[in-house]
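Before any comments, here is the structure.
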Amino acid sequence: MAAPFLTCLGLFVGALSSMAVVLGGTVATISIGPSPAPTGPSAAIAPSGNPALNPALQAEVEQAAATCPGLDWALLGGAVLIDPAVAGSLTSAATDLCLASDRAAALSSLLPGPTPGQVALVLAHALDADPSLSGTAAAAITFAATNLGAPYRWGGTGAGGFDCSGLVLQAYRAAGVTLPRVAQDQYDHGPSLPAAVALEPGDLVFFGGGPGDVSHVGLYIGGGEMIDAPHTGAFVRVEATPITPGAHFGSDIYVGATRPAG
């Protein structure tokens, strides 16, 4: 998972540092593929170089990760990319992560602000759920993750906030996929997934009174969680989603899912 995670995260951090996220230009450069097969006692360490880190820094990250067998080195590398100050204390950072019962929370504590930490964890979560995540899904998830914390705004598609369908519309637009504007039309646009098909990160999950009464949509990121813009007064966030048709989600039910084609 390390190489694709850092590729996506490196793209985000580069955009963040320039204070402009040019998502349209990142889609073609996202490279997602199966994780390399782990070998030996340092199975969690990436066996090959990654362009997101310079060779010297990658060597330091791998050496630090090796002090803790089983440490997900992509989390440590992600922390370095977001907060270069971590690079000065890689050994202690690795130790902190190694001893922590919740490494995701420990990573967040290393980062300078909540949004970059959330982005790192969302991407790690999605790629861990599906190491062969497509570039299209990764780009959509990256867009949604970088907008965590944006306010809900009815009819919003980015300027001042998002509503639920506006968020997924723009997320997939960033990935080069055109979707209809509202949740019902997005559901009807499909392609629909049979109930027996397991959800994958990047799928869209829909809620409402039924297939002809869809009122809400979210972007699935794996592990029974989605990114969505829930309602007035709330913010774009990660929250649990039912994945069984007919299961209740507040006053609505889970209607089904689609997998937008890239």
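Overview of values
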quantity	calculated
Rounded, prolate or oblate (a/c below 1.5 giving rounded, otherwise prolate when a/b exceeds b/c) for segment 114-181 by Cα gyration tensor	oblate
Distant-in-sequence amide H partners of Phe249 (H built 1.01 Å from N, under 5 Å)	Tyr254
Relative packing of 229-241, 186-198, 133-145, 55-67, which averages over residues the other C-beta atoms within 10 Å, highest first	133-145, 55-67, 229-241, 186-198
Prolate/oblate/rounded call for segment 127-262, Cα gyration tensor, a/c under 1.5 rounded	rounded
Estimated vicinal HN-Hα couplings, Hz - segment 168-181 in sequence order (Karplus 6.51, -1.76, 1.60; Gly, Pro = x)	6, 4, 6, 4, 6, 5, 5, 8, x, 10, 8, 10, x, 7
Förster-model FRET efficiency, 30 Å R0, Ala240 and Thr95, C-beta, rounded to 0.05	0.40
Computed label-point distance, nm, for sites Ala198 and Leu57 using a 7 Å Cα→Cβ extension	3.5
Share of Cα-Cα pairs in segment 187-231 lying beyond 16 Å, as whole percent	39
Heavy atoms of Leu148: accessible area, 1.4 Å probe, square angstrom to 10	10
Backbone N under 12 Å from the Ala261 label point (7 Å along Cα→Cβ), restricted to segment 188-214	190-192
Nearest-20 debye value, segment 138-258 charge dipole, Cβ charges on Lys, Arg, Asp, Glu	300
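The values are calculated or read from the model by the stated rules, or taken from the named source; none is laboratory data. Worth saying up front: this structure is predicted, and the values here are computed from it rather than measured. Methodologically, a virtual Cβ is constructed for each residue, glycine included, from the backbone with ideal geometry; neighbour enumeration extends over all protein chains shown. Please note that ligands, DNA and RNA were not included when accessible areas were found on the heavy atoms of the full protein model with its side chains. Shrake-Rupley method; radii C 1.70, N 1.55, O 1.52, S 1.80 Å.
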